[in-house]
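Student: Pasting a structure below so you can have a look.
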Amino acid sequence: MYRIGSLSKLLTVYTLLAEVGNENLDDPVTKYVPELAAAAAEDGKNELHNIRKEFLHGIAAPDPFASTFNTPLYSNAAFQILSYALEGMTNKSFADSFNSALVQPLNLSRTFLNSPPNNIDAIIPGNELTSLWGFDIGDESPAGGMYSTMTDLAIIGRSILRSSLLDPALTRKWMKPQAHTSSLYASIGMPWEIQRMELPLTDNCKVTRVVDLYTKSGDIGAYGGYMVLSPDHDIGFAVYAAGASSPVQSSILADLITATWIPAFEAAAREQAQTDYAGAYSSADPQLNSSIEIGLSDDRPGLGIESWISNGTDMLKAYGEIPTVGATAEQAVSARLYPVGLQEGNQIAFRALFEVLPQPIAGKVFSVNCGTWFTAGSVGYGEVALGDFVIEVDEATGKAVSINPRALRVVLAREAKA
């Protein structure tokens, strides 16, 4: 067992979302912690309700650092107040919510808000005093005082990826940026530390795509480590170190794991996509002259629509001739299929995103950007977006058996490989 430091903040937010959802997050905090407002006006003579008077006065006394919604700031005190706010929402202690909403449903046998039992196996470098193993930080535990093991942290990470405690829509909303930093590669979530990495599409490929890693670090005393989740790959890991320079050690380990495993799972995903979806699809009625060919290319992300014929019409060429698209003679339309997280039975929804290539020279601000998100639903037929696709898979193997470009009202069967 390790002390997990500020990784506690992630568990605190998870507790809140599992207990009450996110409907109250835009309310003024004083609605649930009225003592905070009282502390700002309190004359020092009256006692405050059940909350450390000195802490609230300390929060209320300094001048503001910045105006609201100005810049993200790291604050332990904010998460202590967040735990008080959850108590105000539920009328029970944060410890009770932590246990009932998180520890018990996930069967976390070795995760504790405060000091664990004395007979538990623990990593204690030096002694309990010098390592801060036994240092009780009281009401600040929701910000940085919890204890856990790699096994329990793995259970927590898997539960987030699987939405086993939260509604999937809430999980997706939770795993989004709330603010940005001055770095192009770091954004702030709730309380995610989102690290953005440029990942080569294939070995020795100069073309990259952005992968967002949802992480939370934590260190206290002689302990330091990370939890890292990659929603794109449905994987994650936790790493902790104990002893001298533990934050440095854990960051080196996290870098090594990321550099090894993320590219490996990216390659595995491409191999799986090739096996499960790539190939030729055609109409059973030869008179329709309708077909689609899907494949992967080393220099482009996702599944590419390499050719698309509908009733004898080249759909990619026709798309490029739309006046608002305006592909030149030197350009061609690239269409790539991406899953959108919608599935019913063995029907999986995909969205084709269209892009005119080659694009202008990189390095500009406005002439070169991620323009595909503008056009996801801009072209349609019969009130259905042209890029709206449904792939039917075999329930036993997960491999595609047909594709349905819904705007064209036709189902194309996957052809057997020769």
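Student: Determine, from the Cβ-Cβ distance of Ser307 and Lys31 and an R0 of 56 Å, the FRET efficiency 1/(1 + (r/R0)^6), rounded to the nearest 0.05. Show your work: numbers first, answer last.
Tutor: Numbers: r = 58 Å, r/R0 = 1.04.
The formula returns an efficiency of 0.45 here.
Student: Whole-Hz Karplus ³J(HN,Hα) for region 288-295, in order, using 6.51 cos²θ - 1.76 cosθ + 1.60 and θ = phi - 60°, x for Gly and Pro?
Tutor: 6, 6, 10, 7, 9, 10, 10, x
Student: Here is a follow-up. For the chain, what does -39500 (n - 2.57) per DSSP helix run (n ≥ 4), summed and divided by total residues, give at 222 nm, in deg cm²/dmol to the nearest 500? Write down the numbers at each step before the final one.
Tutor: Values: 10 runs with 111 residues, N = 418.
Helix contribution divided over all residues of the chain: -8000 deg cm²/dmol.
Student: Note the listed values (i) 23.9, 70; (ii) 29.7, 105; (iii) 26.2, 90, then indicate which one is Rg and Dmax of the Cα atoms in Å calculated from this particular structure.
Tutor: (iii)
Student: Sticking with this structure for a sec: Quote to one decimal, in nm, the extra length available between Val365 and Ala349 on full extension: 0.36 nm per residue of separation minus the C-alpha distance between them.
Tutor: 2.5 nm
Student: Which of these, Leu288, Leu17, Leu36, has the largest mean-square fluctuation under a Gaussian network model of the chain (Cα springs below 10 Å)?
Tutor: Among Leu288, Leu17, Leu36, the largest mean-square fluctuation in the Gaussian network model of the chain belongs to Leu288.
Student: Report the longest stretch of the chain that contains none of the GluC sites (Glu not before Pro) sitting in a DSSP loop with at most 15 other Cβ atoms within 10 Å.
Tutor: The longest such stretch corresponds to 129-320.
Student: Can you compute the FRET efficiency between Ala60 and Glu271 using 1/(1 + (r/R0)^6), with r the Cβ-Cβ distance and R0 = 41 Å? Round to the nearest 0.05. Intermediate values should be presented prior to the final figure.
Tutor: Values: r = 57 Å, r/R0 = 1.40.
Taking R0 as 41 Å, the efficiency between Ala60 and Glu271 is 0.10.
Student: Now for a separate question. Between Glu23 and Leu129, what length comes free when the chain is fully extended (0.36 nm per residue of separation minus the Cα-Cα distance, one decimal in nm)?
Tutor: Values: separation 106, 0.36 × 106 = 38.16 nm, distance 4.13 nm.
Contour length minus the Cα-Cα distance gives 34.0 nm.
Student: Could I ask something else about it? Normalised by the number of residues in the chain, what is the relative contact order in percent for Cα pairs under 8 Å and 6+ residues apart? Show your work: numbers first, answer last.
Tutor: Numbers: 711 pairs, mean separation 50.2, N = 418.
Relative contact order here is 12 percent.
Student: Still on this model: In sequence order, what are the phi-derived ³J(HN,Hα) couplings for region 405-416 according to the Karplus relation 6.51 cos²θ - 1.76 cosθ + 1.60 with θ = phi - 60°, rounded to whole Hz, with x for glycine and proline?
Tutor: Rounded to whole hertz, the list is x, 4, 5, 9, 6, 8, 10, 10, 7, 6, 7, 5.
Student: Rounded to the nearest Å, what's the spacing between the alpha carbon centres of region 284-309 and region 116-132? Just the number, please.
Tutor: After rounding, the separation between the Cα centres reads 60 Å.
Student: R0 = 25 Å: FRET efficiency of Asp234 with Asp314, Cβ-based, nearest 0.05? If you can, show how the numbers build up before the last one.
Tutor: Values: r = 36 Å, r/R0 = 1.44.
Result of the calculation: an efficiency of 0.10.
Student: I need the phi-derived Karplus couplings for region 371-380: 6.51 cos²θ - 1.76 cosθ + 1.60, θ = phi - 60°, integer Hz, Gly and Pro marked x.
Tutor: The phi angles translate into x, 5, 5, 5, 10, 4, x, 7, 10, x Hz.
Student: Leu303's amide H: which non-local residues (gap 5+, or another chain) put their own amide H closer than 5 Å, with H modeled 1.01 Å from N in plane and none for Pro or chain starts?
Tutor: Close amide H contacts, sequence-distant or interchain: Leu337.
Student: Under a GNM of the chain (C-alpha, springs under 10 Å), which listed residue has the highest mean-square fluctuation: Ser282, Ser67, Ser164?
Tutor: Looking only at Ser282, Ser67, Ser164, the largest GNM fluctuation is found for Ser67.
Student: On to the next question. How many lysine pairs does the chain hold where the Cα atoms are under 26 Å apart and the two sit 8 or more places apart or on different chains?
Tutor: So the count of such lysine pairs works out to 17.
Student: Starting from the 7 Å offset along Cα-to-Cβ, what nm value, one decimal, do you get for the label separation of Thr260 and Ala332?
Tutor: Placing both labels 7 Å along Cα→Cβ, they lie 4.0 nm apart.
Student: Go ahead and set up a Gaussian network model of the chain, Cα springs under 10 Å, then flag whichever of Asp26, Asp121, Asp299 fluctuates most.
Tutor: The residue with the greatest mean-square fluctuation here is Asp26.
Student: Of Ala259, Ile188, Leu213, which is farthest on the positive side of the dipole of region 160-317, counting Cα position, with +1 on Lys and Arg Cβ, -1 on Asp and Glu Cβ, and the Cα centre as origin?
Tutor: So the residue we want is Ile188.
Student: Towards the positive end of the charge dipole of the chain, with charges on Cβ (+1 Lys, Arg; -1 Asp, Glu), say which of Asn114, Val356, Gly5 has the farthest Cα.
Tutor: Going by the charge dipole, the pick is Val356.
Student: Considering the zone a paramagnetic label at Asp121 would reach in this model (a point 7 Å from Cα along the Cα-to-Cβ line), which residues of region 1-28 have amide N under 13 Å from it?
Tutor: 1-2, by backbone N distance to the label point.
Student: Here is a further query. Under a point spin-label approximation (7 Å from Cα along Cα-to-Cβ), what is the Arg172-Thr324 distance to one decimal in nm?
Tutor: Result for the modelled spin labels: 2.3 nm.
Student: In region 139-208, which trypsin sites (Lys or Arg not before Pro) fall in coil by DSSP and have 16 or fewer other Cβ atoms within 10 Å? Could the numbers behind the result be given before it?
Tutor: Working: sites: Arg158, Arg162, Arg172, Lys173, Arg196, Lys206; in loops: Lys206.
Listed in order of number, the matching sites are Lys206.
Student: Here is a further query. Suppose each label sits 7 Å from its Cα in the direction of the beta carbon; what would the Thr372-Ser182 distance come out to in nanometres?
Tutor: Spacing of the two 7 Å Cα→Cβ label points: 3.3 nm.
Read the figures in this text as sums done on the coordinates, not as results from a lab. Here the structure is a predicted model, which is why all the values come from computation and not from measurement. FYI the Cβ positions are ideal-geometry reconstructions off the backbone, even for glycines, and counts take in every protein chain you see.
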